[in-house]
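Trainee: Handing you a structure now.
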Amino acid sequence: MAGATEGSLVDQIMEHIRQHSAWKARMLEAIQTGRWPGLVSEVSVDNKCAFGRWLGDFAADFQDDPHYQDVKRLHAAFHVQAAKTLSDGLAGRRDEAIRDVENGAFSKASSALVLAMSRWRLTL
């Protein structure tokens, strides 16, 4: 599997979960400050981030794995929602965007992705 052992895949998934949490914190900060270092349109693209590229590296190995497919689908949906939430926040709808991050569609998309990643990790 793309040169990785099963144990290292588990570790890598855990690291991506940690990175996901850190990225969410950076996004919340961007909403609060009104500043984002890149293009909001790039946030909606699911294969530009480290986890998206990593998922792509394993596409052939896991194409028939329902856990992988679920994570891939939820990751793409998360990026679409993240771009919408960030866009709202940067367009002056800061309070709405913060609520979304804390307990709205963004929070739900994020939680669903992390849960799917954790479930997949347990199958490896």
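Trainee: Just to verify a number: FRET efficiency for Asp64 and Arg99, C-beta to C-beta distance, R0 = 41 Å, to 0.05? Mind dumping the intermediate values first?
Mentor: Values: r = 39 Å, r/R0 = 0.95.
For R0 = 41 Å, the calculated efficiency reads 0.60.
Trainee: For the range 6-123, give the magnitude of the charge dipole about the Cα centre (Cβ charges: +1 Lys/Arg, -1 Asp/Glu; no others), in debye to the nearest 20. Walk me through the numbers before you get to the answer.
Mentor: On the way: 15 positive and 16 negative charges, 82 e Å.
Value, rounded to 20: 400 debye.
Trainee: Any idea how far apart Ala50 and Thr123 come out in nm if each label point goes 7 Å out from Cα toward Cβ?
Mentor: Here the modelled spin labels are 2.5 nm apart.
Trainee: (i) 10, 22, 16, 17, 12, 10, 8, 4, 1; (ii) 13, 45, 28, 12, 1; (iii) 10, 21, 12, 11, 17, 16, 10, 3, 1: which one is P(r) over Cα pairs in 10 Å bins from 0, in percent as calculated from this entry?
Mentor: Given (i) 10, 22, 16, 17, 12, 10, 8, 4, 1; (ii) 13, 45, 28, 12, 1; (iii) 10, 21, 12, 11, 17, 16, 10, 3, 1, the structure-derived one carries the label (ii).
Trainee: Step through the residues of the range 98-105 one at a time and calculate ³J(HN,Hα) from phi using the Karplus curve (6.51 cos²θ - 1.76 cosθ + 1.60, θ = phi - 60°), rounding each to whole Hz and writing x for Gly and Pro.
Mentor: Residue by residue, the range 98-105 yields 5, 4, 5, 5, 6, 7, x, 4 Hz.
Trainee: Along the charge dipole of the chain, Cβ charges K/R +1 and D/E -1, which of Ala116, Gln69, Thr33 sits furthest on the positive end?
Mentor: Farthest towards the positive pole: Thr33.
Trainee: Quick check: the angle from helix 66-90's long axis to the longest principal axis of the chain, C-alpha only, nearest 10 degrees?
Mentor: 10 degrees
Trainee: Just from its helices, what would the mean residue ellipticity at 222 nm be for the chain, if runs of 4 or more DSSP H residues each count -39500 (n - 2.57) and the sum is divided by every residue, rounded to the nearest 500 deg cm²/dmol? Please report the intermediate quantities before stating the final value.
Mentor: Numbers: 7 runs with 98 residues, N = 124.
Calculated from helices alone, the mean residue ellipticity at 222 nm is -25500 deg cm²/dmol.
Trainee: I need to check one value: relative contact order of the chain, counting alpha carbon pairs closer than 8 Å and at least 6 residues apart, in percent.
Mentor: Values: 109 pairs, mean separation 45.0, N = 124.
This gives 36 percent for the chain.
Bear in mind these aren't lab numbers, they're just calculated from the coordinates by the rules spelled out. The structure presented is a predicted model; accordingly, all values stated were derived computationally and were not measured. Backbone-built Cβ (ideal geometry, glycine too); neighbour counts: all protein chains shown.
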